[in-house]
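J.: My structure is below; once you've seen it, I'll send some questions.
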Amino acid sequence: MTMTGTKTTGTNTGITGILLAGGQGRRMGGVDKGLQLLRGKPMAQWVIERFAPQVDELLINANQNIGQYRSLGYRVIPDAIGGFAGPLAGLHRGLGEAAHPLVVTAPCDSPFLPLDLVAQLKAVLDAHHAELAVAKTGDQPHPVFSLCRTSVLPDLTAFLESGGRKIDWWYSKLKVVEVPFADEAAFRNINTREELTANG
């Protein structure tokens, strides 16, 4: 299959994936986390290798080092809202650019994400006719691993324009379902240089 700037996998799931790499990496000393090497490859590449096969289109949300992210083979979309406004800003831009009616997000610092993440989220979203499905392990929701309908874009835009930034505050107004996953380690993220070294 031919790779385009966004990548079509042919899974016919009707889902756009957004790799969230728009942060400033404060806990890692202000470096771009997604480009830090883990076992010889940028961390974002590890995430892409697990995430891209689960979606029909993949976009990378990044606000710096655009060329380096583009070299990973996918279209790069910076936030439409300035000031490194967080993962919701990445989702916001992705919802506006997505070629499909469903959008799923994953952060660039979670190289162990489940290979069935999207399938599980979509099954529960569809079963409950929900607007947004969020991954959960035990009592801990993981809002940056979520699947939502593009129809939530106007609500998200209004929330961001009002100054809102916290994901759970935003989606508390939507019809949300939490999707249990058994493997907590699959959602582990690498936030510090120490964690990067420990997983190297």
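J.: Quick test of your reading of the structure: L72 fulfils all but one of (1) assigned to a helix (DSSP H, G or I); (2) over 12 Å from the mean Cα position of the chain (by Cα); (3) free of Cβ contacts under 8 Å to residues at least 40 places away in the same chain. Name the failing condition by number.
T.: Exception for L72: condition (1).
J.: Identify, by number, the condition in (1) of a type in the set (S, T, N, Q); (2) touching a helix residue (DSSP H, G or I) at 6+ places or on another chain (Cβ under 6 Å); (3) over 29 Å from G164 (Cα atoms) that Q45 doesn't meet.
T.: (2)
J.: Go through (1) touching a residue at least 12 places away in the same chain (Cβ under 8 Å); (2) closer than 26 Å to N63 by Cβ for W169 and report which single condition fails.
T.: Result: W169 passes all but (1).
J.: Another one. Going through segment 138-171 one residue at a time, which ones are crowded, with 19+ Cβ neighbours inside 10 Å and of a type in the set (S, T, N, Q)?
T.: Correct list: S146 only.
J.: Please enumerate the residues belonging to segment 148-172 that are more than 21 Å from A80 (Cβ to Cβ) and not acidic (D, E). Spell out how you get there, then give the answer.
T.: Let us first name the residues in segment 148-172 that are more than 21 Å from A80 (Cβ to Cβ), namely 168, 172.
Within segment 148-172, S172 is the sole residue that qualifies.
Values in this text are rule-based calculations from the coordinates and carry no lab data. Predicted model, so just to flag it, every value in this text is computed and none were measured. No Cβ is skipped: glycine too gets one built from the backbone with ideal geometry, and neighbour counts run over all protein chains shown.
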